[in-house]
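Everything below concerns the one structure shown next.
Any read-out appearing in this document is the output of simple, stated calculations on the displayed coordinates, not a laboratory observation. What you see is a predicted model; the values in this text were computed from it and never measured. Cβ coordinates were reconstructed from backbone atoms using ideal geometry, including for glycine residues, and neighbour counts include every protein chain displayed.
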Amino acid sequence: MKFLLDSCISVFAVKDLRNAGFDVLWVPESGKDPGDEDIIKKAFEEGFVLVTADKDFGELIFVYKRPHPAIIRLVDIPARNQGKSLLRLIETHRFDIEKQALITLDKYRVRVRLLA
């Protein structure tokens, strides 16, 4: 499983995922942020799971009907906890991620939306 982490995701998440053996591309490491349109396109075309805190990707999917990968949106997860939270989510929701679900994770719950 490969992950594309948006610029709003912490370096702690990058390190935790890489230490767990995952292939991780973090937007700030590749230079200037290309914008949401290019990020979602790259993630979809190259088979990345997109991790973000940004809800604008939902607009690209639901309003503009952009093809999309699995998207994990972190809401109010402290920077230092993002990686650990992601690793727990991957362990418990791997099947949903593989089905290109839209997943929202906050401190209290996980919401999974599968689009047919």
Exercise. Using the Karplus curve 6.51 cos²θ - 1.76 cosθ + 1.60 with θ = phi - 60°, work out ³J(HN,Hα) for each residue of the range 67-74 in order, rounded to whole Hz, and write x for Gly and Pro.
Key: x, 9, x, 4, 10, 10, 10, 9
Quiz prompt | Cleavage-rule hits, chymotrypsin sites (Phe, Trp or Tyr not before Pro), the range 24-116, DSSP coil, Cβ neighbours within 10 Å at most 16 | solution = Tyr64, Tyr108
Quiz item: Taking trypsin sites (Lys or Arg not before Pro) that fall in a DSSP loop and have at most 13 other Cβ atoms within 10 Å as cut points, what is the longest piece of the chain between them?
Solution: 66-98
Exercise. Please report the Cα spread of the range 71-116 along all three principal axes, rounded to whole Å, starting with the longest.
Key: 33, 17, 15
Quiz item: In whole Hz, what ³J(HN,Hα) sequence does the range 31-46 give by Karplus (6.51, -1.76, 1.60; θ = phi - 60°), x for Gly and Pro?
Solution: x, 5, 5, x, x, 4, 4, 6, 5, 5, 5, 4, 4, 5, 5, 9
Quiz prompt | Nonlocal amide H pairs with Ile72, under 5 Å, H built at 1.01 Å | solution = Leu50, Val51, Thr52, Ile103
Practice problem: Would you grab the residues whose amide H sits under 5 Å from the one on Lys2? Only those 5+ places off in sequence or on another chain, please, with H modelled 1.01 Å from N. | Solution: Val49
Quiz item: Hey, if you put +1 on the Cβ of every Lys and Arg and -1 on every Asp and Glu Cβ in the chain, which of Leu87, Gly31, Pro67 ends up farthest toward the positive end of that dipole?
Solution: Leu87
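Quick check on the chain: helices-only [θ] at 222 nm, where DSSP H runs of length 4 and up contribute -39,500 (n - 2.57) each and the sum goes over total residues. Nearest 500, please.
The per-residue figure over the chain is -11500 deg cm²/dmol.
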Quiz item: From the backbone phi of the range 14-28, what are the Karplus-calculated ³J(HN,Hα) couplings (6.51 cos²θ - 1.76 cosθ + 1.60, θ = phi - 60°) in whole Hz, Gly and Pro given as x?
Solution: 4, 5, 5, 5, 5, 5, 7, x, 8, 7, 10, 10, 10, 3, x
Quiz prompt | Built amide H within the under 5 Å cut-off of Ser7, gap 5+ | solution = Val27
Quiz item: Among (i) 61; (ii) 39; (iii) 45, which is the computed percent of Cα pairs over 19 Å apart?
Solution: (ii)
